[in-house]
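Step one of this worksheet: look at the structure below.
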Amino acid sequence: MPELKDNPFRQRIAEVFSQDNEGNMTLDDFLDMFSVLSEMAPRDLKACYAFKIYDFNDDNFICKSDLEKTLVKLTRNELTPDEVRLVCDKVLGEADLDNDGKLSLEDFQHMIVRSPDFLSTFHIRI
């Protein structure tokens, strides 16, 4: 499936949706993933799973190191370390509603509401 094959987050997606959190997906895990990534899934459900995918250290927050890993994967290492830091600082500055230096699920959902492209990009067509 090309959408996952070319996705820089493919391993992380498999980890998030697998019951063992190691990426070893059962048929039920696979079906759950397709349900969440379908075009018909609600925005809040998609946002919740996107948040989990970007929360690399699984602490229920997206911290600066999670954002850095996300940017490196999204840009496929095309940004300099200074550019990555600058973008992360900008994201935290705009999206961190309680100014604690990390994004909660609530912060993330608030940011997603302001991003009209989110629903059209966070899906897999079957």
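One table, with the values for the structure above:
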quantity: Wholly within region 1-105, helices (runs of 4 or more DSSP H) carrying at least 3 residues that are among the basic types (Lys, Arg); calculated: 43-54, 64-75
quantity: Subset of region 44-72 [among the basic types (Lys, Arg) and open to solvent by 50 Å² or more (accessible area, probe 1.4 Å)]; calculated: Lys52, Lys64, Lys69
quantity: Residue ID - farthest from Phe17 (Cα to Cα), chosen from residues in region 73-94 that are hydrophobic (A, V, I, L, M, F, W, C) and either open to solvent by 80 Å² or more (accessible area, probe 1.4 Å) or touching a residue at least 24 places away in the same chain (Cβ under 8 Å) (or both); calculated: Leu86
quantity: Looking only at region 5-32, and only at residues there that are open to solvent by 100 Å² or more (accessible area, probe 1.4 Å) and under 15 Å from His123 (Cα atoms), the one that is modelled with the highest pLDDT; calculated: Arg10
quantity: Subset of region 106-119 that is open to solvent by less than 70 Å² (accessible area, probe 1.4 Å) and either among the aromatic types (Phe, Trp, Tyr) or closer than 24 Å to Pro2 by Cβ (or both) - its residue that is modelled with the highest pLDDT; calculated: Phe108
quantity: Failed condition for Ile112, given (1) aliphatic (A, V, I, L, M); (2) within 19 Å of Phe9 (Cα to Cα); (3) outside any helix (DSSP H, G or I); calculated: (3)
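The values are calculated or read from the model by the stated rules, or taken from the named source; none is laboratory data. All values derive from a computational prediction rather than experimental measurement. Note that we place each Cβ from the backbone using ideal geometry, even for glycine, and neighbour counts take in every protein chain shown. With ligands, DNA and RNA removed, areas are computed over all heavy atoms of the protein, side chains included. Shrake-Rupley method; radii C 1.70, N 1.55, O 1.52, S 1.80 Å.
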